[in-house]
Amino acid sequence: MGYEKEYKRKRISPADAAGLVKSGMWIDYGSILCFPTLIDDALADRAAELEDVKVRSCLSLKDPEILRADGNGDHFIYNEWHFSEFTRKHHDKGCCAYIPYNLNEGPGLFRSQCAHRPDIAFVEVTPMSRQGFFNFGSVEKNKALCDVAEIVVVEVNPSMPWLPGGYDECIHISQVDYIVENDTYAVYESTPARPSEVDRKIAAHVAEQIEDESTIQLGIGGLPDEVGRLLIERGARNLGVHSEMFTESMMEMFEAGVITNSRKSLNPGKAVCTFVVGSRKLYDFVDHNQMIAAFSVDYTNNPFVIAQNHRQVSVNSALAVDLYGQVSSESSGHRHISGTGGQLDFTRGAYLSPGGKSIICLPSTYKNRNGNITSRIVISHPPGTVVTVPRTDVCCVVTEFGVANLKGRTVWERARALMALAHPDFREDLEKQAWELNIIPRGL
């Protein structure tokens with residue numbers, strides 16, 4: 001059965017798609033690579049005509065034009081499930097709000113109608129297959145979004161990679177109301193970050209924690225890329241992937257024969273993920289690659305699913321850790337920076353995995369806005385700081401100065417282990433404050 005006639009009948013212009021929006025509506029943009037770039041442009045052109053249009057997105061990989069066109073938030077109320085480098089700047093100006101949740105909950109929030117039911121879903125997709133399917137290059141919760149939206153508009157982008165499933169990785173044309181073609185903008189591409197010297201030291205500690213035949217979850221950036229390089233250099237064997245994100249370093253480990261997925265206890269032979277972000281080379285690698293299985297995020301990030309992988313190792317980054325072991329990865333005081341994402345999902349799932357472990361990484365210091373070197377190991381977090389991972393869930397913490405496993409340790413043992421991970425310039429002051437606050441008992 002051919003779907004060309006239905007495709008042509010449903011095809012509309014970006015302006016017509018934006019014209020579907022009315023004041024007071026809830027609108028959802030697709031998440032991550034599924035951000036509808038061309039429709040966003042057209043909707044920005046209508047800013048002055050609209051009021052109280054509430055928009056949701058997740059990790060917007062470009063500066064939303066509707067926010068650029070509405071600098072004071074008079075027409076659009078923009079909300080993000082996870083801030084990006086672009087949307088956090090709008091939050092700093094009071095024009096973007098955060099939605100707290102764990103990443104695995106996303107599809108369920110839509111399908112249970114805990115989240116507002118969207119009037120329109122605008123989602124970037126691949127070109128249609130002969131069988132009438134469009135693929136979400138970022139699976140995440142995009143199918144659940146489309147399942148509950150009153151109107152579904154897909155924006156077809158020929159540069160979008162096709163991620164094999166899994167499940168919920170595709171939507172059929174029969175479930176789509178309108179189609180917009182985007183030949184103007186390619187999907188977002190990033191170049192691999194160069195690791196710093198501190199990243200290299202942290203990565204060396206992390207790589208030592210990853211045994212042969214482990215299943216790994218890594219994030220984006222110079223540090224996880226360096227972990228991958230070290231695992232290749234070491235000649236690690238038969239690693240598997242169960243990760244929310246498929247990364248550049250994972251591609252390189254595939255090519256080097258380090259990742260085989262052959263010893264996985266769950267989904268053997270498949271690298272499990274829910275989205276991909278990176279270079280054109282990475283997109284070409286995952287495109288229709290049957291060694292990849294992209295699932296809805298309620299599967300990839302479900303801690304009970306993660307725990308079924310033997311030797312699951314999760315590696316995530318943090319902004320700061322206090323001496324109790326509380327991890328902040330998304331805010332600094334009242335300034336929100338990113339989001340909870342899947343960090344708590346994988347921290348819990350990896351720890352429950354037979355032989356597994358969760359690792360939180362951070363440099364021991366950073367340079368603040370005034371140019372002063374500041375410790376990331378702190379006596380306590382500033383007021384307003386969000387705790388991403390409670391102290392009861394934290395397993396291993398890594399800085400350039402070593403590794404501390406906090407599980408089963410007393411508060412004073414945790415404090416001393418974390419002080420040993422702090423930069424030497426701050427250890428004495430941290431210890432003094434720990435004594436003053438009775439974190440360390442007097443008898444020790």
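No value in this document is a laboratory result; all are computed from the given coordinates. Everything numeric here is computed off the predicted structure, so don't read it as measured data. As a convention, Cβ positions derive from the backbone with ideal geometry for all residues, glycine included, and neighbour counts pool all protein chains shown.
Using Cβ contacts closer than 10 Å as the measure, can you line up E181, E211, E169, E436 from fewest to most? Show your work: numbers first, answer last.
Values: E181 17, E211 13, E169 23, E436 10.
The most exposed by this proxy come first: E436, E211, E181, E169.
With the dipole of the chain worked out from charges on the C-beta (+1 for Lys and Arg, -1 for Asp and Glu) around the Cα centre, which of C96, S364, A115 lies farthest toward the positive end?
Highest projection toward the positive end goes to S364.
Sort F426, F83 by Cβ crowding within 10 Å, fewest neighbours at the top.
Working: F426 19, F83 23.
By the 10 Å Cβ count, ascending: F426, F83.
Could you identify which residue out of G228, G73, G333 has the top mean-square fluctuation in a GNM of the chain using Cα springs shorter than 10 Å?
Among G228, G73, G333, the largest GNM mean-square fluctuation belongs to G333.
Just to be sure I understand the model, the point goes 7 Å from the Cα along the line to the Cβ. What's the resulting I99 to E4 distance in nm?
Calculated label separation equals 3.9 nm.
Can you figure out the FRET efficiency of S13 with R442, using R₀ = 51 Å and their beta-carbon distance, to the nearest 0.05? Don't skip to the end; give the middle numbers.
Working: r = 74 Å, r/R0 = 1.45.
With a Förster radius of 51 Å, E is 0.10.
K407 versus S380, label points 7 Å from Cα toward the beta carbon: distance in nm?
So the label points at K407 and S380 sit 2.9 nm apart.
Using Cβ counts within 10 Å as a stand-in for footprinting exposure, how do W435, W26 rank, fewest first? Walk me through the intermediate numbers first.
Working: W435 15, W26 19.
With the fewest neighbours first, W435, W26 line up as W435, W26.
Roughly what % antiparallel, to the nearest 5, for the DSSP beta bridges in the chain?
Details: 15 of 63 bridges.
Taking every DSSP beta bridge within the chain, about 25 percent pair in antiparallel fashion.
Put a dot 7 Å past each Cα toward the Cβ at R391 and E233; how far apart are the dots in nm?
Once both label points are built, they end up 3.6 nm from each other.
Rounded to the nearest 20 Debye, what is the dipole magnitude of the chain about its Cα centre when Lys and Arg each give +1 and Asp and Glu each give -1 at the C-beta?
Around 1140 debye, computed over the chain.
With +1 on each Lys and Arg Cβ and -1 on each Asp and Glu Cβ, how big is the dipole of segment 1-54 about its Cα centre, in debye rounded to the nearest 20?
Values: 8 positive and 10 negative charges, 74 e Å.
It works out to roughly 360 debye.
What whole number of Å gives the distance from the Cα centroid of segment 17-62 to the Cα centroid of segment 396-411?
Value for the Cα centre distance between the two parts: 44 Å.
Suppose every Lys and Arg Cβ carries +1 and every Asp and Glu Cβ carries -1, with no other charges. What dipole size does segment 4-181 come out with about its Cα centre, to the nearest 20 debye?
Working: 19 positive and 28 negative charges, 73 e Å.
Approximately 340 debye in magnitude.
What is segment 197-436's relative contact order, in percent, from Cα pairs under 8 angstrom and six or more apart in sequence?
Working: 530 pairs, mean separation 42.8, N = 240.
About 18 percent, as a whole number.
Leaving out same-chain residues fewer than 8 places away, which aspartates and glutamates sit with a Cα under 14 Å from that of K22?
D45, E49, E51, D52, D119, E150
Run lengths n ≥ 4 of DSSP H only: what is the helix-derived mean residue ellipticity at 222 nm for the chain, with -39500 (n - 2.57) per run over all residues, to the nearest 500? All intermediate terms of the calculation are to be shown ahead of the outcome.
On the way: 16 runs with 124 residues, N = 444.
Mean residue ellipticity at 222 nm (helix-derived): -7500 deg cm²/dmol.
Just to confirm the number: angle between the C-alpha axis of helix 222-234 and the first principal axis of the chain, 0 to 90 degrees, nearest 10?
The two axes meet at around 70 degrees.
T184 to E428: extension gain in nm, 0.36 nm per residue of separation minus the Cα-Cα distance?
Working: separation 244, 0.36 × 244 = 87.84 nm, distance 5.68 nm.
Between T184 and E428, full extension yields 82.2 nm more.
Would you please put 61-71, 216-226 in order of how densely packed they are, using the mean number of other Cβ atoms within 10 angstrom per residue and starting with the highest? Provide the component values of the computation, followed by the final result.
Details: 61-71: 18.5, 216-226: 23.8.
Ranked by mean Cβ neighbours within 10 Å, highest first: 216-226, 61-71.
Report the extension gain between S262 and W435 in nm, rounded to one decimal, defined as 0.36 nm multiplied by the number of residues separating them, less their alpha carbon distance.
The S262-W435 span can extend by a further 57.3 nm.
Under 17 Å between alpha carbons, and skipping anything fewer than 8 positions from K281 in its own chain: which aspartates and glutamates qualify?
The qualifying aspartates and glutamates are E189, D225, E248, E252, E255.
Among the aspartates and glutamates, which fall within straight-line cross-link reach of K407, defined as a Cα-Cα distance under 12 Å, with same-chain neighbours fewer than 8 residues apart omitted?
Once the sequence-local aspartates and glutamates are set aside, what remains near K407 is D393.
Out of all DSSP beta bridges with both ends in segment 197-436, state the antiparallel percent to the nearest 5.
Details: 12 of 34 bridges.
Expressed as a percentage, antiparallel bridges in segment 197-436 total about 35.
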